[in-house]
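> One structure coming up, written as structure tokens, with questions to follow.
The values are calculated or read from the model by the stated rules, or taken from the named source; none is laboratory data. The structure displayed is predicted, hence computed values, not measured ones. Cβ sites come from the backbone with ideal geometry, for glycine too, and all protein chains shown count toward neighbours. These accessible areas exclude ligands, DNA and RNA; they are computed on the full protein's heavy atoms, side chains included. Shrake-Rupley method; radii C 1.70, N 1.55, O 1.52, S 1.80 Å.
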Amino acid sequence: MTGQVDRASKASIVIEYDGIPGDKESQFRQWQSEIQSGVSQFEGYLGTDIFPPVNNGQDGWYIVVHFDSHAHLSQWLDSDIRHYLINKGRRKFGAYRYRIGTGLEGWFSRGKNQDESPGPPAWKQIFSVLFGLYPTVMIETLVFSHFRLMESWSIASKMFVNNLVSCCLLTLVVMPLVTSLLNFWLKPQRSTAKINLIGTLLVFIGYGLMISIFHFFS
């Protein structure tokens, strides 16, 4: 079941299962074979590494699925066949944990359900963070400048406070609003070229409007 993974792999998801009893191991392996058969049909699939428990070491099962891009990985994660297979396994083996990495996923997680898709493609995450970050930093800069806050501070101290305020606003206020507004595009029920195009155009129109507004006030 373990595939040889191309070193050029650019997008991987690590899936962890705990508490698979010995009498269900053969069923678990059979289920993983079904998943392997399903995922291998998707564009960009590179391979799968399966690591069973190790005595006096690793307790759980780790499955690492590799794709050549985040876009292709997302197609698999959002696919009907994956949801069918995951639901089938969940009834027998319970939930799982995953790890996938752009570093921005926390802003795109709307709950603690670990069975949900780990997040939108990296390029959508980047565009969305910029959509929230740019107006946050601009408004913060204009307000600080208008009230002449921290004028006598060193650049290092001012930058620290600016970044602290920006991070707090983004995490607590701005990104929840952005992800809710763009949810149809970030996490569509079925990803299509039309939805991707419409969402991307709206984001860039938003960029243009924000630049025009801030240009007027700056």
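> Determine how large the accessible area of Asp78 is when every protein chain is in place; take a 1.4 Å probe and give Å² rounded to the nearest 10.
Probe radius 1.4 Å; accessible area of Asp78 about 50 Å².
> How would you order 128-134, 182-188, 165-171, 211-217 from highest to lowest mean count of nearby Cβ atoms within 10 Å?
Packing order, densest peptide first, comes out as 128-134, 182-188, 165-171, 211-217.
> Residue-wise, which Karplus ³J(HN,Hα) couplings in Hz belong to the range 65-75, taking 6.51 cos²θ - 1.76 cosθ + 1.60, θ = phi - 60°, and x for glycine or proline?
My calculation for the range 65-75 gives 9, 10, 10, 7, 7, 5, 5, 5, 4, 5, 4 Hz in order.
> Let me ask you something else. What is the gain in length, in nm to one decimal, between Ile126 and Leu201 on full extension, counting 0.36 nm per residue of separation less the C-alpha to C-alpha distance? Let's see the in-between values first.
Values: separation 75, 0.36 × 75 = 27.00 nm, distance 1.48 nm.
Stretched out fully, the Ile126 to Leu201 stretch lengthens by 25.5 nm.
> Follow-up question, since we're still on this one. Would you list Met138, Met175, Met159 from the most to the least accessible area, probe 1.4 Å?
Met159, Met138, Met175
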